[in-house]
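A quick write-up on the structure given underneath.
Quick note: the coordinates plus some simple rules give every number you see, no bench work behind them. Quick caveat, the model's predicted, so the values are computed rather than measured. Cβ placement follows ideal geometry from the backbone for every residue including glycine, while neighbour counts extend to all protein chains displayed.
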């Protein structure tokens, strides 16, 4: 009877040793990897959001600059021009126009600069000639 009990006990010990389970070290490593992956994901999400905001800002600036430039180029040649107001849907944007007379006033270099909260987001240059 003793040999039967000791054989049964040895089988039980082997089963316990061969069982697959998670040790504390494995769990800690898995949590660390999960934390690293989560940090990388949140960083990528933040970068994407920031890039999208900057892209939207630059697109709005280019639209405003192009409309100002089209307005000036469609007016007759002059030393002063009527400027468009920035539409209210572009809150925080301002546009400035610089006109530089070249070749004794026969040529003008027109520069439209658009700012959003005092940060330059777009600049557009063109030339106008006396005809």
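Relative to the dominant Cα principal axis of the chain, helix 2-18 is inclined by about 10°. Using a simple spin-label model with pseudo-atoms 7 Å out from Cα toward Cβ, residue 58 and residue 12 lie 7.2 nm apart.
What FRET efficiency comes out for residue 44 versus residue 85 if R0 is 41 angstrom and r is the Cβ-Cβ distance? Round to the nearest 0.05. Calculated transfer efficiency: 0.55. Ordering 90, 81, 127 from the fewest to the most neighbouring beta carbons within 10 Å gives 127, 90, 81.
Using Cα-Cα distances under 8 Å and only pairs 6 or more residues apart, what relative contact order does region 25-129 have, in percent? About 24 percent, as a whole number. Taking only the alpha carbons of region 67-131, we obtain Rg and Dmax values of 12.7, 39 Å in that order. Contact order for region 71-131, expressed relative to its length and based on alpha carbon pairs under 8 Å spaced 6+ residues apart, stands at 27 percent.
In this simple spin-label approximation, residue 29 and residue 111 carry label points 7 Å from Cα along the Cα→Cβ vector, and these lie 6.1 nm apart.
Based on DSSP H segments of at least four residues, each scored -39500 (n - 2.57), the chain has a per-residue ellipticity at 222 nm of -18500 deg cm²/dmol.
The long axis of helix 24-73 is offset from the longest Cα principal axis of the chain by roughly 10 degrees.
In the chain, inverting the average of 1/r over every pair of distinct C-alpha atoms gives 20.9 Å as the Kirkwood radius.
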